[in-house]
Amino acid sequence: MTVTIVGSQLGDEGKGALVDRWGGDADVIVRYQGGDNAGHTVVQDGDEYKLSLVPSGAVRDKIGVLGNGCVVNPRTLFEEIDGLRDRGLEPDVRVAKRAHAILPYHRVLDGIEEEAKSDSDLDAGTTGRGIGPTYEDKAGRRGIRIGDLLDPAVLRDRLEYVVPQKRALAEELYGLDLEESDHADAFDVDALAEEYADYGDRLADGMAINCSRFLYARRQDGDRIMFEGAQGTSIDIDHGIYPYVTSSNPTAGGAAVGSGVGPTVVGQGEVVGIVKAYLSRVGTGPLPTELDTNDREEELADFIREKGGEFGTVTGRPRRIGWLDMPMLRHASRISGFTGIAVNHVDVLAGLDELKVCHAYELDGEQLEVMPATTEEWDRCEPVFREFDPWPELDSEAIARTGYDALPKGTQAYLEYVSKEVNAPIYAVGVGPGREETIELTNPFSTNA
Ligand code: IMP
C-alpha cells in the first residue's frame, strides 16, 4: 500500500514530523517533486540532521528515492550524502534517471530573474535554488536529465546546445557582465562537462534508477511506499496562487506523475493532508488572513513567529503569519482527495487572548467558501472570521502520552471544526516540536486502504 503526505497550505506545515513518524512503517520513501528548496530537520538518536534534498527516511535506514518529478542539484545531493557519511550513516539514496538536473546557471538565472520581476511585483520570493529555471528547461525540452550525466558525450552535446542560450540570456537580456562577475564558471561548458560527468560516475554506481520500474518491483515484493510531498497546495504550479508559486505539483496527483507509479495505486492508498493550525508564508503574494494590519496584529504575529520558530529552513527568512484559512484548506482537500489530516502546531496557539479562523471570504458582495481561481480575486477577498475559545498552555508531553481526550475542549472544538470542513478525519495532532509530541489517532499504514 502507499501513503502520500501532502502540504495543505503554503509549505512548512510540519510534514517532516509525520513523514518521520509514519515513514518508520514504510520501506521506501519517495520524493516526487521539488528539489533542494525543501528544508527538513531530522533528529535521530539525539543527533540533528538538516537536509534540503535527500528524503529524511534515508537517515533512518530506509531507501530514499528522488523521483522523476524532482529537480536534482548533484552538488547538494552529494554534499548531503557525504555529510551523512561523515557522521557515520550509510544513506541509501536512489535518483530517477528521468529527473532533471539543476545546473549552476539555473541558480544564477533564478536570482537575476527574481530581481527583474520585482520591478513589477511578480517576484515569488524564491529560495534561489534554481528550481523555476530548471523546470522551465524541462518544459522547454532543453533540460539535462540525471540519465544524461551518465554518458559524457550526451552530457557535452546537451551543454553545448543550452549553455550559449543561457549565456545570451544572462548577458544580453539581463545585462550581466559574466566575465566580471563571480558566475563565469556557471556558464563554462568545459568546466560543467567535467564536474557533472564526475557526478554521473557516482550516480552510475547503483544510485541512478528507472524509478517507475524500481518502485513497481518493490511493490511486487510487498514493500510499503510513502510519497513525501514537499512545499504545499497553495504554492502548486497549477492549483496555487500563481505566479507566487513553486514550479512543481506538491498535490497528490504529482505523486503518480512524479514517480511513475499509477494514479490508481496512489489513489487506492492513503492521502494525508498536513495542516498547520495557523498560516505561515515565506514568499511574496497576497495573504488575506495575514496578521499585519495594525500594531496589535503585528505583535501577535511576532509572538506566533517566535513561539513557532517561523523562520525559513532553507533561507532563514522570517515567515509572514496569518490566521487559519478554511477556503484554502477546502481547496487542498478537494484537489488531493484527503483521506485524513494531521494538524500541527496547536501548542503555538495556546495562551492567546483571541483566536480566529477565516471560515469564508467576501468578494464583490458575495460569500465564498472556496478559493477563487485567480490570484487577483484572492487578493481582493476579505476574510469572514469565526471566533474560537482560546486554550491555555499545553503540557505537550503529558498530552501526547495520554491522547486526544487530554486536549482542552477548546482545542478539540477547533480540530473538529477543521476536520468537518475538509471532510476528512484527524489522523494526528502535533502538540509540540519534539518527536514524541504528536497524538496519533490513526496510522495511515494500518488502515488497509
Ligand atoms: P522556489 O521553489 O525556490 O522556486 O520558490 C517559489 C516559491 O515557493 C517562493 O514563494 C518560495 O518561498 C516558496 N517555497 C519553495 N519551497 C518552499 C518550502 O519548502 N516551504 C515554503 N515555501 C517554499
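The values are calculated or read from the model by the stated rules, or taken from the named source; none is laboratory data. Worth saying up front: this structure is predicted, and the values here are computed from it rather than measured. Using ideal geometry, Cβ is built from the backbone for each residue, glycine included, and neighbour counts are taken over all protein chains shown. Note: areas computed on protein heavy atoms with side chains; ligands, DNA, RNA excluded. Shrake-Rupley method; radii C 1.70, N 1.55, O 1.52, S 1.80 Å.
Laid out as a table, the results:
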| quantity | calculated |
| --- | --- |
| Label zone at Phe303, where the point sits 7 Å out along the Cα-to-Cβ direction: segment 369-400 residues whose backbone N lies under 17 Å | 387-394 |
| Principal-axis tilt of helix 104-118 within the chain, Cα atoms, nearest 10 degrees | 50 degrees |
| Accessible area of the chain divided out per residue, in Å², using a probe of 1.4 angstrom | 42 Å² |
| Cα-projected label distance for Glu362 with Arg87, points at 7 Å along beta-carbon direction, nm | 5.0 nm |
| Convex hull volume per residue in cubic angstrom - Cα atoms of the chain | 145 Å³ |
| CD proxy at 222 nm, helix term only [per DSSP H run n ≥ 4: -39500 (n - 2.57); per residue of the chain; nearest 500] | -10500 deg cm²/dmol |
| Mean separation of Cα contacts under 8 Å, 6 or more apart, over the residue count of segment 171-285: relative contact order % | 16 percent |
| Accessible-area ranking of Lys50, Lys276, largest first, probe 1.4 Å | Lys50, Lys276 |
| Over the chain, relative contact order from alpha-carbon pairs under 8 Å, at least 6 apart, % | 19 percent |
| Cα centre as origin, Lys/Arg/Asp/Glu Cβ charges: segment 168-248 dipole, Debye | 1120 debye |
| Protection-proxy order for peptides 328-335, 349-356, 65-72, each taking the mean of Cβ atoms within 10 Å per residue, highest first | 65-72, 328-335, 349-356 |
| Inter-label distance, nm, simple model (7 Å from Cα along the C-beta direction), Asp223/Ala204 | 2.4 nm |
| Gain upon complete extension [Lys420, Asp119; 0.36 nm per residue less C-alpha separation] | 104.1 nm |
| C-alpha long axis of helix 295-308 to longest principal axis of the chain, angle in ° | 70 degrees |
| Relative contact order, percent, segment 1-158 [alpha-carbon distance under 8 Å, six or more residues apart] | 18 percent |
| Rounded percent of accessible protein surface that carbon and sulfur make up, segment 255-391, 1.4 Å probe | 47 percent |
| Accessible-area composition of segment 76-115, carbon plus sulfur, in percent [1.4 Å probe] | 40 percent |
| Spin-label pair Asp47/Thr374, simplified geometry with 7 Å Cα→Cβ offset, distance in nm | 5.3 nm |
| Most to least packed among 364-373, 280-289, 338-347, 121-130 [average Cβ atoms within 10 Å] | 338-347, 280-289, 121-130, 364-373 |
| Radius 11 Å from Cβ of Pro250, net charge of other residues (Lys, Arg +1; Asp, Glu -1) | -2 |
| Helix 211-220 vs. the chain, principal-axis angle (Cα, 0 to 90°, nearest 10) | 60 degrees |
| Computed E for Glu79/Asp405 - FRET, C-beta separation, R0 45 angstrom, nearest 0.05 | 0.50 |
| Environment charge at Leu66 (Cβ cut-off 13 Å; Lys +1, Arg +1, Asp -1, Glu -1) | +1 |
